[in-house]
């Protein structure tokens, strides 16, 4: 399958596992998204990664700061891009915190690629539907 032409949407993926980042990057590019990946969640806050981001794909458990704490800081910086939280640890407390932060979707690991693509397309309209 060849990569799809970019639809112009920029997705920031934050996960401390390089193999996971590589997999998400391939999946996003094949679906037509521009993927920006970062393995260090703290660097997201200092490297201008948030400029022009249309969607956030965040792992929950990471060293230094968890995905929801990262999202809270991202929101304080006025980035309102929709967020998808990915985790193997989606207990009731994590779900409640995610809801309070306005997480659009929560996905349990292992991630089903088809389900992830569906959620991405639901949050980011296709180019023919863009305003």
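The values are calculated or read from the model by the stated rules, or taken from the named source; none is laboratory data. Fair warning: this is a prediction, and the values are worked out from it, not measured in the lab. Backbone-built Cβ (ideal geometry, glycine too); neighbour counts: all protein chains shown.
Below is a table of values for the structure above.
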{"quantity": "Verdict on residue 25 being closer than 20 Å to residue 103 by Cα and either out of contact with any helix residue (DSSP H, G or I) (no Cβ under 8 Å at 6 or more places or on another chain) or part of a loop (DSSP other than H, G, I, E, B) (or both)", "calculated": "no"}
{"quantity": "Sole exception among (1) surrounded by 15 or more Cβ atoms within 10 Å (Cβ to Cβ); (2) without any contact (Cβ under 8 Å) to a residue 40 or more places away in the chain for residue 22, by number", "calculated": "(1)"}
{"quantity": "Cross-chain or 6+ apart pairs with Cβ under 9 Å, region 92-109 first and touching a residue at least 12 places away in the same chain (Cβ under 8 Å) and at positive phi, then assigned to a helix (DSSP H, G or I) and surrounded by 17 or more Cβ atoms within 10 Å (Cβ to Cβ)", "calculated": "102/71"}
{"quantity": "Per-region count, region 45-91, residues over 21 Å from residue 111 (Cβ atoms) and part of a strand (DSSP E or B)", "calculated": "0"}
{"quantity": "Members of region 23-52 that are in contact with a strand residue (DSSP E or B) (Cβ under 8 Å, 6 or more places away or on another chain), modelled with pLDDT of 90 or more and more than 24 Å from residue 94 (Cα to Cα)", "calculated": "25, 28, 29, 33, 34, 35, 36, 52"}
{"quantity": "Candidates 122, 113, 81, filtered to the one that is in contact (Cβ under 8 Å) with a residue 60 or more places away in the chain, out of contact with any strand residue (DSSP E or B) (no Cβ under 7 Å at 6 or more places or on another chain) and under 20 Å from residue 9 (Cβ atoms)", "calculated": "113"}
{"quantity": "Residue 15 vs. criteria buried (at least 18 other Cβ atoms within 10 Å of the Cβ) and within 21 Å of residue 118 (Cβ to Cβ)", "calculated": "yes"}
